[in-house]
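Below: the structure, in structure tokens.
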Amino acid sequence: MVGTQQPTFSPPPAGGYKSNSFDDDGHPKRTGTMWTASAHIITAVIGSGVLSLAWAMAQLGWIAGPVVMLLFSSVTYFTSTFLAACYRSGDPVSGNRNYSYIDAVKNNLGGVRAKLCEIVQYLNLFGVAIGYTISSAISMR
């Protein structure tokens, strides 16, 4: 969020943490499994976009519909692999972890561009909220 500070953590001591409850960055270890990650991905993907696929296919037809769907799926694959590559800054194995999207932007682009990205991100969120409000108001008539 704009203006909020992320909690700061001190780097691990030279010998690392002795406890098994912390990872190599000093944060508590994650307890998620492949099942919970899959559940989060499925709930993120299945949303209002999936509900409109049938309408979009009907509008585009049998040729352009699958082509556009493959195009957007390739864009989604590219952006998800790009975000996965930005998980650690510097070395992909031992570099600092980026715990949020804005941390990854700050570490890869710098402070001024991170603020610009943050502003664009919030404007997008605001615009989507307005779009959903207008769409729901039209459909309730």
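The values are calculated or read from the model by the stated rules, or taken from the named source; none is laboratory data. All figures in this text were calculated on a predicted structure; none of them were measured in a lab. With ideal geometry, Cβ positions are generated from the backbone for all residues, glycine too; neighbour counts draw on all protein chains shown.
Brief remarks on what is shown
- Among the residues examined, THR133 does not qualify as part of a helix (DSSP H, G or I) and surrounded by 11 or more Cβ atoms within 10 Å (Cβ to Cβ).
- Subset of the stretch 50-68 [at pLDDT 85 or above and under 26 Å from TYR101 (Cβ atoms)]: none
- Matching option when the condition is within 28 Å of HIS27 (Cα to Cα) and at pLDDT 85 or above, among TYR122, TYR99, TYR132, TYR77: TYR122
- Residue that is farthest from the chain's Cα centre (by Cα), among those in the stretch 1-43 that are modelled with pLDDT of 75 or more and aromatic (Phe, Trp, Tyr): PHE22
- Wholly within the stretch 15-125, helices (runs of 4 or more DSSP H) carrying at least 3 residues that are surrounded by 10 or more Cβ atoms within 10 Å (Cβ to Cβ) and β-branched (Val, Ile, Thr): 34-45, 53-85
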